[in-house]
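Note sheet for the following structure.
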Amino acid sequence: MTRVTPWARLGTYQSVILSVEAPVSASRALLRFRKARALAAGTAVALPLTFAAPATAGEGPYTVTPLSFTVQAGGRTCTVDADLYRPAGVDAAHPAPAVLATNGFGGGKKDGSTDAIGKAFAARGYVGLVYSGLGFGASGCLISLDDPRIDGQAATRLVDFLAGTHAADDGTRADFVLKDGVNDPRVGMIGGSYGGAIQLATASVDPRLDALVPLITWNDLAYSLAPNGADRATPGVFKWQWANGFYLIGEGQPLLAPSLDPTRINSLSCLHFVTDACDTVRLLNSGRYPEAGTKKMLDFARSVSPVSYLDRVKAPTLIVQGQSDSLFNLNEARDTYERLQARGVDTKMIWQSWGHSGGVSDPAAGELNLGEGNLGTSYVGQRVLAWFDRYLRDDRSADTGAEFAYYRAWRSGYGTADRVPALSQKLYLSGDGKLVDNRAKVARGSRSYSNWLVPTSHSESSLAGMTGLPDPQPYDTHGTYLGWTSAPLTAPADVVGSPKATLRVVSPKTEHVQDSGDAADKLVLFAKVYDIAPDGRKTLVNRLVAPVRVPDATRPFTVELPGIVHRYETGHRLEFVIAASDTAYAGNRGVKPVTVVSAPEDTGTLELPVVRGRVG
């Protein structure tokens, strides 16, 4: 059974897998079902639909009208499929601010979360315009990964419609949206994942946006798909499960769509993405990263990422990121937050419990879940409403909340702070495998591991959390990793933020080839921190690891691990591990043994952002 997710619909992914692996009859039946469903939806929206008022006090009825817009995008002319949600009583004499939203990757305007946005905000008096992103649903053109020059420009045409200066294809005009000036509607955006980055992309090319709420989205797609925890300039380690899963979703769109729009076909070798996107996936899958090809890949990935255009974003932004997310981890949200803050943009950040990796289809009790209609009662939902009240309704009394908030699973609620916690405790890697709190306790010694030609460590099956498939517990195979373990904690220790490790390794086989001109010859390893219970049971917090392609194996290097929010309980121990491989990522080219040497005057370290308690 397909599970409905709040921000990214996985039904399409499952359908692509079925069409590849299932018998032909099953694939044909699936396509017939999709076609029948699409035709039924088409007849159902021939006229505006009226929805009764929800049960919550102060919410009212609204109409939904399907619209289409012809736009120019990436040198193509294509149609954008949208729904207009208009609250009862909103007209030219009684205008209202607007909320614009689009889908997560693989979805459309009618998927569970996107449709829920239109309904939830229309019921609260906002004009809603919800649309299928380029290449999804019934919208034309290629998937261009929220490129501001393509997807962003297409979204500006919808902002023009909300401004009342441009009509939809059927002549419909919006003369009922509150305005800040001529051709300047009062409009905000909200959405998650693919529907999150589009907000920043649009704001970078259209200064008319007044408020943004991007959820669980990326800062740097190069880091997202091939992260390097040690050096963003060196090509990272291919996150092959996530990347190829979404690539299948995208390439399957023309086949699964009810009709083939010519603007949605690129070529037989790259069906539905822009060519640079296909070239990027092919290069990553090749396992070879020559300098010229790698530069082109990084340049493209960053050109469609906020990291390259945040300096042009001025709209107040409430960033919401998921702790359980190995696709777009907390570090990406923090980087966006700090960059906007540094420029003086009104910005706040929330680290909620759920993300792409787990809890997406079943958020923790009290967490934002639009499918349950708890926008007005969940902590995150109330923060979103206050954000829009402040910046769209100009309610200066609206309390937009703490600068930084984070979900604490051990209290089933949120903690707050005026900034992201800094690193506050340093631990040392001892030669006897201990993790100690004083350099004087470091024992001299050296230990070694070696990789195999197949993965020997497991953190996650990347798509399991979104598809409901089982996932083995994390493990490491003896001889293919090194671990350093702390003493049992005498009191709970709360860690909030991104740990950092500084390491020096010895790997002669790597040294001989690392300057070959192909980044794939550099050493690959994976850093992570386990929570070990008194009974020996290990927990890899949110199954997060830091993949590293070591820039230079002859020099020390520093690794930034993914951000976490976790309590290490009394009696528990921390174990810092470096592993030779991971099943969710590409690995080393060839066998490269590694030795780590420790001495009191020269050893590796692990730094933690501890906000309560102490380790060691």
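The values are calculated or read from the model by the stated rules, or taken from the named source; none is laboratory data. All of these numbers come straight from a predicted model, not from anything done at the bench. Glycine gets a Cβ as well: all are built from the backbone with ideal geometry, and neighbour counts include every protein chain shown.
Closer than 15 Å to V205 by Cα and touching a Phe, Trp or Tyr at 6+ places or on another chain (Cβ under 6 Å): does that describe G152?
Numbers: closer than 15 Å to V205 by Cα: yes; touching a Phe, Trp or Tyr at 6+ places or on another chain (Cβ under 6 Å): no.
Considered against the rule, which asks whether it is closer than 15 Å to V205 by Cα and touching a Phe, Trp or Tyr at 6+ places or on another chain (Cβ under 6 Å), G152 comes out as no.
Name the strands (runs of 3 or more DSSP E) wholly within the stretch 178-226 that hold at least 1 residues that are more than 21 Å from H166 (Cα to Cα)? Working first, answer last.
Values: elements: 179-181, 187-192, 209-215.
Filter on the stretch 178-226 gives 187-192, 209-215.
Could you check the stretch 124-136 and list, in sequence order, the residues that are surrounded by 24 or more Cβ atoms within 10 Å (Cβ to Cβ) and part of a loop (DSSP other than H, G, I, E, B)?
Y126, G133, L134, G135, F136
Would you check which residues across the stretch 91-109 are buried (at least 22 other Cβ atoms within 10 Å of the Cβ) and either within 16 Å of T63 (Cβ to Cβ) or basic (K, R) (or both) and list them?
Listed by number, the residues that qualify are A96, A98, V99, K109.
Only one of these conditions is not met by Q72: (1) at pLDDT below 95; (2) polar (S, T, N, Q); (3) within 20 Å of V213 (Cβ to Cβ). Which number is it?
(3)
What number of residues within the stretch 489-536 satisfy the criterion of being touching a helix residue (DSSP H, G or I) at 6+ places or on another chain (Cβ under 7 Å) and of a type in the set (S, T, Y)?
Result for the stretch 489-536: 1.
Which residue pairs have Cβ atoms under 8 Å apart, sit 6 or more places apart or on different chains, and have a first residue in the stretch 463-483 that is over 15 Å from A527 (Cα atoms) and a second that is of a type in the set (V, I, T) and surrounded by 14 or more Cβ atoms within 10 Å (Cβ to Cβ)?
Partner pairs satisfying both residue conditions: G465/V360; M466/T5; M466/V360.
Residues G236, G229: which one is under 21 Å from the mean Cα position of the chain (by Cα), part of a loop (DSSP other than H, G, I, E, B), closer than 16 Å to G287 by Cβ and outside the structural domain of C141 (by TED's automatic domain parsing)? So that I can check it myself, show each step before the final result.
Values: G229 fails: closer than 16 Å to G287 by Cβ.
It is G236.
Could you please let me know if Y481 is outside the structural domain of G229 (by TED's automatic domain parsing) and over 24 Å from the mean Cα position of the chain (by Cα)? Give the derivation first.
On the way: outside the structural domain of G229 (by TED's automatic domain parsing): yes; over 24 Å from the mean Cα position of the chain (by Cα): yes.
It is true that Y481 is outside the structural domain of G229 (by TED's automatic domain parsing) and over 24 Å from the mean Cα position of the chain (by Cα).
Taking the residues in the stretch 542-562 that are of a type in the set (V, I, T) and touching a Phe, Trp or Tyr at 6+ places or on another chain (Cβ under 8 Å) as candidates, determine which candidate is surrounded by the fewest Cβ atoms within 10 Å (Cβ to Cβ).
First, the residues of the stretch 542-562 that are of a type in the set (V, I, T): 545, 548, 550, 554, 558-559.
Okay, now just the ones that are also touching a Phe, Trp or Tyr at 6+ places or on another chain (Cβ under 8 Å), so 545, 548, 550.
On the way: V545: 26, V548: 28, V550: 24.
Here the answer is V550.
Inside the stretch 416-498, counting only strands (runs of 3 or more DSSP E) that do not spill past its ends, which hold 2 or more residues that are surrounded by fewer than 22 Cβ atoms within 10 Å (Cβ to Cβ) and of a type in the set (G, A, S)? Spell out how you get there, then give the answer.
Numbers: elements: 425-429, 445-449, 481-485, 493-497.
Answer list for the stretch 416-498: 445-449.
Identify all residues within the stretch 575-595 that are of a type in the set (D, E, K, R) and over 25 Å from the mean Cα position of the chain (by Cα); write none if there are none.
From the stretch 575-595, those of a type in the set (D, E, K, R) are 575, 582, 589, 592; that's our starting set.
Passing the criteria: E575, R589, K592.
Which residues, counting only those in the stretch 86-123, are part of a strand (DSSP E or B), closer than 19 Å to G373 by Cβ and either more than 27 Å from the chain's Cα centre (by Cα) or among the small types (G, A, S) (or both)? Please lay out each step first, then the result.
Kept after step one, since they are part of a strand (DSSP E or B), are these residues of the stretch 86-123: 86-87, 91, 94, 96, 98-102.
Checking the rest, the ones that are also closer than 19 Å to G373 by Cβ come to 87, 99, 101.
The answer is P87, A101.
Please verify whether the stretch 485-492 includes one or more residues that are closer than 23 Å to T456 by Cα, among the β-branched types (V, I, T) and in contact (Cβ under 8 Å) with a residue 24 or more places away in the chain.
Step one: of the stretch 485-492, the residues closer than 23 Å to T456 by Cα are 485.
If we keep only those that are among the β-branched types (V, I, T) as well, we get 485.
Then keep just the ones that are in contact (Cβ under 8 Å) with a residue 24 or more places away in the chain; that gives 485.
Yes, the stretch 485-492 contains at least one residue that is closer than 23 Å to T456 by Cα, among the β-branched types (V, I, T) and in contact (Cβ under 8 Å) with a residue 24 or more places away in the chain.
Taking the stretch 559-593 only, how many residues are over 22 Å from Y223 (Cα atoms) and in contact with a helix residue (DSSP H, G or I) (Cβ under 8 Å, 6 or more places away or on another chain)?
5
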